[in-house]
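In what follows, a single structure is set out as structure tokens and then discussed.
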Amino acid sequence: MNNLGGLCMWLGLLALIISSLGYLFLLLKPDPVGIKTTARLGFTAFTGCVTVASISLMLAILGNDFVFSYVARYSSRDLPLIYRISSFWAGQEGSFLLWVFLGAWLGLFLIYQSGSQEPRVMLVYNLSNLFLMILLIKQSPFHMLAVAPADGNGMNMLLQDPWMAIHPPIVFLGYAAYAIPFAFAINALWSRDYDGWIKPGLPWAIFAYVTLGAGIIIGGFWSYKVLGWGGYWGWDPVENASLLPWLAGTALVHGMILQDTKKQLRKTNFFLVTFAFVLVIYCTFLTRSGILADFSVHSFTDLGITGLLVLFMGVFIALAVWLLAMRWKDLPAPAKTEIAYFSREFGFIAAIALLCMSCLVTGLGTSAPLITRMMAKASKVSTDFYVQTNLPLAVLILLLLSFVPLMAFGRNQPSRLIKKLPWAVAGAVIALAVTGWHGMFDTRSLLIAIPAGGATGLNLALATGLARRHFSLASGALVHLGVGLMFLGIVASSMYDRSEKQRFFQGATKPAFGYAITLSAPQVVGHGKGERLELPLDIEKGKARFLARPDIYVERKKGGQLQRFIHPYIKRGIFSDLYISPVDYDSGRKKAPSNQIVIKKGQTIHRDPYAITFNGFDIRGMGQNTLTGISVGARLTVAYKTEASVDLTPVLNMGQGQTNAADHREKLPGQEAAFVSLVQINADEKTVTLVYEGSSVNTEKAQNAEKPKASVILDVSIKPGMTLLWVGTFLMLFGGVVGIIRRRPR
């Protein structure tokens, strides 16, 4: 019972194999007695075993059972409950178990939703889970240590945020969901039912778009809220790893809608569904193989599963390519092969092409460490690469959203369309006016702001009109409205962002962007394995007054190295956010001067009120091997204020492996209790180390000295448009949820 989780993983693998064999036998001999029940029971048993294994790991974490290597590496006794729960998926092994757990439960819904397509769909779906189970058994979270440590390493401080409890599960739910439309597509090729997979597969494709998109957005919000750099998307390779399948999946949703409506893009959709699913595996390979370890703070190290991930990816690519090649000639062409350029169909195709191009260029940049590693030294591209390559694609997508949603399928008359465009024009004009009002007439901001305003205006009117007829009809318009608002927020927050760094002294008030900021007494609070320095700021603007508490957390790692984390303060507003991030802190306490003085021959060092000169060694005792050892002196000249200088020779006795200077210290002039002694010599560098005993400042100065004042350098920023950005991303997801309800099988 000590390793119930490990046993359940093996039993789960066995149950999954039984389920897969059952579905395979069901295909060879239709409707044999009890085979479908056996296959379903096998999958149910697999789900139960994975669930028990997951519960077992969670109980080990909550019970501080550090005999498990995974628990010892990612949890500790001092972690708050929410972070101990989150440590389940903080490492590679736990996150793979989470992936399998979520996929198993999705599979139970899939069994009863796939209808007559169940045998082939579940066989393909089982195959993806089979590979994940093999990965888990190869690198198990239930590996046990010979001796359990008293405490664990704990979770990385950057991960200790409430979003850690939400973000990874949502991302892995999206990853698991992308296997379902792929399974429907493989079944369609296998059974030659080339359109029958769209209706049951489309809600799952939208579900994957929503869940993975939610994970990406939460990750951006988390970065903005916690890391203190002021941004929400840094084009980090691991961030891009979740973006790539989402872009491909977004293109897939559009392609499936067009096939469902007009019976077009059959071949393209088989490619897109394979592309989206394989990208999930490829991006897992990139982030889990250690290739990005030197280029991303989020990357994992290689745990020896790289070869299995490559095999995983290769099998599914080969399966999809082989079936597509076998059925290529049988795939029916659309009833109307000619597509009018001025039609909704062409707009869909253009959007799919642009999304795929964005996925391609972002994928090339993300894969740069892998590509350059094959040719020379591994390196990554700059963030400018992503901005410059995606900017024109984003502009074109926004232009499409400014008029394509008004179009009907088939040929459209431009003259009729122009009458429906006042909302788009109004949105574009407002965006231009706001941009000009802020003096941002640079090309980049205008290129995005104007079409984003057009897309926002058009889809706002469209969503309002469709919702009056039936709310579910507004799903697409809500998503597109969210896209327009999101890009307006991106322009505002990146182009109009204002920031300044200032040093704030404790008790003093300084202005910043119309706010009066006063630093109160900083407070050091013990937190986990480190200390949190809270920096209370009293902030006033007009009649409004509030308290901000940004902080700096410092933790000492195992090697003794200090690690520092910044937590900013954010005051959110409708039009802009006040963002305050600490940069550096000075306690104001000057370190007391060391009582040791290292001085070279011929050098003079000033130690108030003395000037001490080292003239050379007194070697009279050298060579006299006495019972007390060898005596060495340092010839010093000491000047005290305006009085005449005196010569002193403190001596160091060395013998019997010990040194002693206490009995040979020399009294310094001018003060009753001031002495100097010799404690160390370095003949090679011709230096001596002296110890000074006495007052370095006079009493009057000490009494009149000011108390030290703490100070902090703050990066104070005004970030406009952040509310637009977050509202836009919410509408993108909300519209997707409405789309799932609209497209659900009836």
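Within straight cross-link reach of residue 267, meaning Cα distance under 17 Å, which aspartates and glutamates are found once same-chain residues fewer than 8 apart are removed?
193, 195, 330, 338, 345
For the chain, what log10 I(q)/I(0) values come out of the Debye formula at q = 0.05, 0.06, 0.12 1/Å, with one point per alpha carbon and no solvent?
Debye curve over Cα of the chain, log10 I(q)/I(0) at q = 0.05, 0.06, 0.12 Å⁻¹: -0.39, -0.53, -1.39.
Take 78, 684 and order them by how many other Cβ atoms sit within 10 Å, fewest up front.
Starting with the residue having the fewest Cβ neighbours, the order is 684, 78.
State which entries of 199/262; 199/263; 641/667; 571/709 exceed 18 angstrom in Cα-Cα distance in the structure shown.
Distance filter (> 18 Å) returns 571/709.
Among 254, 606, which comes first, then next, by fewest other beta-carbon atoms within 10 Å?
606, 254
So which chymotrypsin sites (Phe, Trp or Tyr not before Pro) in the range 422-498 pass both tests, a DSSP loop state and at most 12 other Cβ atoms within 10 Å of the Cβ?
441
Please sort by residue number the trypsin sites (Lys or Arg not before Pro) in the range 375-459 whose DSSP state is loop and whose Cβ has at most 15 other Cβ atoms within 10 Å.
Answer in residue order: 377, 411, 419, 420.
The range 357-442: percent of C-alpha pairs farther apart than 22 Å?
So the pairs more than 22 Å apart make up 53 percent of the total in the range 357-442.
Which value, in nm² and rounded to one decimal, describes the direction-averaged projected area of the C-alpha convex hull of the range 106-223?
Approximately 9.9 nm², given one-decimal rounding.
State, in angstrom, two size descriptors of the range 179-420 derived from its alpha carbons: Rg to one decimal place and Dmax to the nearest whole number.
19.5, 62
Only the coordinates and a few stated rules stand behind these numbers; no lab work does. Because the structure is predicted, anything quoted here is derived from the model rather than measured. Positions of Cβ are backbone-derived with ideal geometry, glycine not excepted, and every protein chain shown enters the neighbour counts.
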